[in-house]
Amino acid sequence: MVSDKDLFDGMSEDNKNRYKKDTINRYGKRSFKKADKKLKKMSPAEWENYQSNLNNLIQEIANSMDKNEYNSKKVQKLIFKHFKLVGTLNPTNKESYIELANLYCEHEDFIVFFDNYHKGLAQFMSKAMIYFANNDSRN
């Protein structure tokens, strides 16, 4: 079972509460509770696997930034993988993916998180995600 400590490791109590509030405001209480319930049912190994897959994918996107535009085929293939991966926790549609993209480039914790991979990655990811949501016919 995954705990809040595992989910928000390294985040202050104020930031954790602000993140939860922001997430509920963006996606609604029902969606937040659904994702939270799914997360808490995950075993530590499942959570570790999810985190590892997400980390590897974000690193791939960061590595592609210098040679590819956010709307390139290569980046959009990676963003599709991201869309599917985040959708395993809570079904994701065009609107919710755009909200997540906005969260990535507006929330200071996410900006810092993504800057650890590559400076400017939050903005790049956000643009790529919004482009994907508006242009990919698979979602």
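Below, the figures for the structure above:
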item: Two-site FRET efficiency, Glu13 against Val112, from Cβ-Cβ distance with R₀ of 22 Å, rounded to 0.05; result: 0.80
item: Solvent-accessible heavy-atom area per residue, rounded to whole Å², over the stretch 48-116 at 1.4 Å; result: 56 Å²
item: Kirkwood Rh in Å, taken over all unlike Cα pairs in the stretch 81-139; result: 11.6 Å
item: J(HN,Hα) series, the stretch 85-91, from Karplus relation 6.51 cos²θ - 1.76 cosθ + 1.60, nearest Hz, glycine and proline x; result: 5, 5, x, 6, 8, 7, x
item: Label zone at Asp66 (point 7 Å along Cα-to-Cβ), backbone N below 12 Å, the stretch 96-139; result: 118-119
item: Out-of-range pairs (alpha-carbon distance over 28 Å; input Lys40/Lys127; Lys38/Lys81; Lys38/Lys74; Lys40/Lys73; Lys37/Lys74; Lys81/Lys119); result: Lys40/Lys127; Lys38/Lys74; Lys40/Lys73; Lys37/Lys74
item: The stretch 19-91, accessible surface, carbon-and-sulfur percent (1.4 angstrom probe); result: 50 percent
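The values are calculated or read from the model by the stated rules, or taken from the named source; none is laboratory data. This structure is a prediction, so every number in the text was calculated from the model and none was measured. Cβ atoms come from the backbone with ideal geometry, glycine included; neighbour counts cover every protein chain shown. Surface areas here come from the heavy atoms of the whole protein model, side chains and all, with no ligands, DNA or RNA. Shrake-Rupley method; radii C 1.70, N 1.55, O 1.52, S 1.80 Å.
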